[in-house]
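Asker: Structure incoming, see below.
No lab work stands behind these numbers, since they all come straight from the coordinates. Since we're looking at a predicted model, the values are computed, not measured. With ideal geometry, Cβ positions are generated from the backbone for all residues, glycine too; neighbour counts draw on all protein chains shown.
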């Protein structure tokens, strides 16, 4: 029961500070479940993020559900998921009323621009963590012990090329990458 309450509290806190949502929340969850509590290894967490992206629904909800179920079963998943969305729900209601009242204030517009920039930084951090783990098997780039996974780099470039050049559906790209991964790994 204590673990379920801890999951709820931690994911409620994550939800409170998940400005930008989506990919911006990945480093926040990682900080809690991998770095602070050690509930998951970085590889397990990266696998959960990958699965969360492939399943329908918001990334934070899927990630919270998968982390919760991995740590404390069904009730852990419920606690983590409710915790992650409850804070956002409460904040959204408050902010809706606040912005409706102050929608033409210049200082509010400036705050929103700064928050947008912060979200881009958080997304870049999450992307770099996933790329380093996929390409080098670690999140720190140590030149002396760098072990580049050339197959992962080639699959990445191929997927990026197909997405940008031919505008293929991302789901199709994930399926193709998974099939390629079956043969490569």
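Asker: Test of understanding: what is the full-extension gain from residue 31 to residue 13, defined as 0.36 nm times their sequence separation minus their Cα-Cα distance?
Answerer: Gain in length upon complete extension: 5.3 nm.
Asker: Roughly how many whole Å is it from the C-alpha centroid of the stretch 164-185 to that of the stretch 1-68?
Answerer: 25
Asker: Counting only C-alpha contacts under 8 Å and six or more residues apart, can you give the relative contact order of the stretch 26-68 as a whole percent?
Answerer: For the stretch 26-68, the relative contact order is 29 percent.
Asker: Calculate how steeply helix 170-184 sits against the longest principal axis of the alpha-carbon atoms of the chain, using the helix alpha-carbon long axis, and give the answer as 0 to 90 degrees to the nearest 10.
Answerer: 40
Asker: For the chain, what number results from the quotient of the Cα radius of gyration and 2.2 N^0.38 Å? Don't skip to the end; give the middle numbers.
Answerer: Details: Rg = 18.6 Å, N = 185, 2.2 N^0.38 = 16.0 Å.
So the Cα radius of gyration is 1.16 times the expected 2.2 N^0.38 Å.
Asker: What is the stretch 33-185's relative contact order, in percent, from Cα pairs under 8 angstrom and six or more apart in sequence?
Answerer: Worked out over the stretch 33-185, it gives 11 percent.
Asker: Going by C-beta contacts inside 10 Å, put 129, 81 in order with the fewest on the left.
Answerer: Least to most surrounded, the residues fall as 129, 81.
Asker: Moving to a separate point now. Full extension from residue 100 to residue 127: what is 0.36 nm times the residue separation minus their Cα-Cα distance, to one decimal in nm?
Answerer: Additional length available on full extension: 6.3 nm.
Asker: Using the Kirkwood radius built from alpha carbon pairs, what does the Stokes-Einstein equation give as D for the stretch 106-166 at 37 °C and 0.692 mPa s, in µm² per second? Please list the in-between numbers first.
Answerer: Numbers: Rh = 13.9 Å.
My calculation gives 235 µm²/s for D.
Asker: So how do 116, 70 line up by other beta-carbon neighbours within 10 Å, fewest first?
Answerer: Starting with the residue having the fewest Cβ neighbours, the order is 116, 70.
Asker: Helix 2-16: angle to the longest alpha-carbon principal axis of the chain, degrees 0 to 90, nearest 10?
Answerer: So the helix axis and the longest Cα principal axis differ by about 80 degrees.
Asker: Starting from the 7 Å offset along Cα-to-Cβ, what nm value, one decimal, do you get for the label separation of residue 175 and residue 109?
Answerer: 4.5
Asker: Here is a further query. Between the helical axis of 59-101 and the dominant principal axis of the chain, each derived from Cα atoms, what acute angle in degrees is found, rounded to the nearest 10?
Answerer: The helix 59-101 is inclined about 50 degrees to the chain.
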